[in-house]
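Reviewing the structure listed below.
The values are calculated or read from the model by the stated rules, or taken from the named source; none is laboratory data. Just so you know, these numbers come straight off a predicted model, no measurement behind them. In this analysis, Cβ positions are derived from the backbone assuming ideal geometry, glycine residues included, and neighbour counts consider all displayed protein chains. To get the accessible areas, we keep the full protein, side chains included, count just its heavy atoms, and leave off ligands, DNA and RNA. Shrake-Rupley method; radii C 1.70, N 1.55, O 1.52, S 1.80 Å.
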Amino acid sequence: MLTGPVTSLHTPFFRDGEIDYGSLRGLVDRGIEAGSSTMMLTYGDSLFSLLTDSEVAEVTKVVAEHTAGRAAVIAADRIWWTGKTVAFARYAREVGADLLMVLPPDWAASCTADTFVAHYAAAAAEIPVMVVTNVFSRSHALGLEVLRRLRDEVPGVVAIKDDLVGVFARKMALLLHGHWAIISGGQKQNHFDLVQYGCDGYLSTLLTFAPQITRAYWRAVQAEEWSEAAGIIREYDMPYFDYVLGVEGSFDAALHGTYELFGLAERWRRPPYHSLTDEQMEQLSQKLADMKMRQV
């Protein structure tokens, strides 16, 4: 289910800050129609940083129920202590999620290899678990030790999402390829860098609003047409991300603006996060037209 492009779900909001569940269901439908085999919730993209615990539970339930077996569902936790994570793992399984992405707390480098392993193992007793690598940004050596131990000691951990890229990601893929499913976060270029090391898929930003680009890239990867895949990255992936990462409010503000331009959801995010102004929306619209992703 993690081979190829995967839909990363961004929680949409109305201008008053209420969650737009209708548009959330629509994003699920768009991802499935585009050919994605998995709907993925994440702490970051799904804006769990702006949601309450009960809203995280409701978003998870809505996604699982609306997906209704048409694709796999990956739930995500909200940086909880072990007991809360275990309870949510049980809940996610009960509402129909297939996997739980676990992001442990590690304030002030408070975790050790032993406590990390115990945390993941406790969740994996309830539901298959995905690791996300950004928790290991403070120590790559610690991260690789934890991953090796999870691979060898905890059979319920079955997948990993990489956010660290570079040397760590390559070492991680070589360590885990053939044992877990490996997926890269965010950009085609990150997947392209890892594909020769055993990366199975990636979170596709363009899938819901420009699926033709996503499909063209994946066809090139499957055919091992590496020059063509690199060309798609050069023509679309890099220019889009170079632009949206420089927008006020960064890429997530721009992505919500993109959704509005394509009629998928409104641009708004809850304060204190920035939402694009009318002027910024006009600039984004022109940029997308220049990239031939949409007509003005």
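At 1.4 Å probe size, what's the solvent-accessible area of Arg25? Round to the nearest 10 Å².
Counting only protein heavy atoms, Arg25 exposes about 90 Å² to solvent.
Would you kindly state how much longer the chain becomes between Ser227 and Gln283 on full extension, computed as 0.36 nm times their sequence separation minus their alpha carbon distance, in nm to one decimal?
The span from Ser227 to Gln283 would gain 17.1 nm if fully extended.
What fraction, in whole percent, of alpha-carbon pairs in segment 1-44 exceed 17 Å separation?
Above the 17 Å cut-off, segment 1-44 has 36 percent of its Cα pairs.
For the chain, what does the relative contact order come out to in percent, with C-alpha contacts under 8 Å and a separation of six or more?
Relative contact order of the chain: 17 percent.
Is the C-alpha gyration tensor of segment 133-216 telling us rounded, prolate or oblate? Criteria: a/c under 1.5 is rounded; beyond that, a/b larger than b/c is prolate, otherwise oblate.
Prolate is the answer for segment 133-216, as a/c is 1.5 or above and a/b outweighs b/c.
Distance check, please: which entries in Lys161/Lys287; Lys188/Lys292; Lys161/Lys292; Lys61/Lys84 exceed 21 angstrom between their Cα atoms?
Lys161/Lys287; Lys161/Lys292
Using only Cα atoms, what Kirkwood radius does the chain have, in angstroms?
Evaluated over the chain, this radius sits at 19.4 Å.
With every protein chain in place, what's the accessible area of Trp268 (1.4 Å probe, Å², nearest 10)?
For Trp268, solvent-accessible area is about 40 Å².
Roughly how many Å² of Thr82 are accessible to a 1.4 Å probe, to the nearest 10?
Number for this one is 50 Å².
Which FRET efficiency, nearest 0.05, do Thr112 and Glu55 yield, Cβ-Cβ r, R0 22 Å?
Once rounded, the FRET efficiency stands at 0.10.
State whether segment 27-169 is rounded, prolate or oblate according to the following rule on the C-alpha gyration tensor (a ≥ b ≥ c being the square roots of its eigenvalues): a/c under 1.5 gives rounded; otherwise a/b larger than b/c gives prolate, and the remaining case gives oblate.
Prolate, because a/c is 1.5 or more and a/b exceeds b/c.
Give me the log10 of I(q) over I(0) for segment 238-281 at q = 0.27, 0.33, 0.34 Å⁻¹, as the Debye formula computes it from C-alpha points; what are the numbers?
Ignoring solvent entirely, the Cα scatterers give -0.96, -1.22, -1.25.
With a 1.4 Å probe and all protein chains left in place, how much accessible area per residue does the chain have, in Å²?
42
Can you give me the relative contact order of segment 3-98 as a percent, contacts being Cα pairs under 8 Å and 6 or more apart?
28
Taking every DSSP beta bridge that has both residues in segment 8-105, what percent is antiparallel when rounded to the nearest 5?
Looking only at bridges with both residues in segment 8-105, the antiparallel portion is about 10 percent.
Among the DSSP beta bridges whose two residues both lie in the chain, what percent are antiparallel, rounded to the nearest 5?
In the chain, DSSP labels about 5 percent of beta bridges as antiparallel.
So if we plug the beta-carbon distance of Met238 and Asn134 into 1/(1 + (r/R0)^6) with R0 = 22 Å, what FRET efficiency do we get, rounded to 0.05?
0.50
With contacts defined as alpha carbon pairs under 8 Å and 6 or more residues apart, what's the relative contact order of segment 181-224 in percent?
33
Using a 1.4 Å probe on the protein heavy atoms, what percent of the accessible area of the chain belongs to carbon and sulfur?
The computed percentage sits at 50.
Each label point is 7 Å from the Cα along the Cα-to-Cβ direction; what then is the distance between the points at Asp290 and Ser250, in nm?
With each label placed 7 Å out from Cα toward Cβ, I get 2.3 nm.
Calculate the length of the line joining the C-alpha centroid of segment 73-102 to that of segment 155-210, in whole Å.
Comparing the Cα centres of segment 73-102 and segment 155-210, I get a distance of 21 Å.
Per residue, how big is the convex hull of segment 164-296 when only Cα atoms are used? Give it in Å³.
In segment 164-296, the Cα convex hull volume per residue is 121 Å³.
How far apart, in nm, are the 7 Å Cα→Cβ label points at Arg148 and Arg90?
3.5
Give the calculated FRET efficiency between His274 and Asp16 to the nearest 0.05, with a Förster radius of 22 Å applied to their Cβ-Cβ distance.
Once rounded, the FRET efficiency stands at 0.85.
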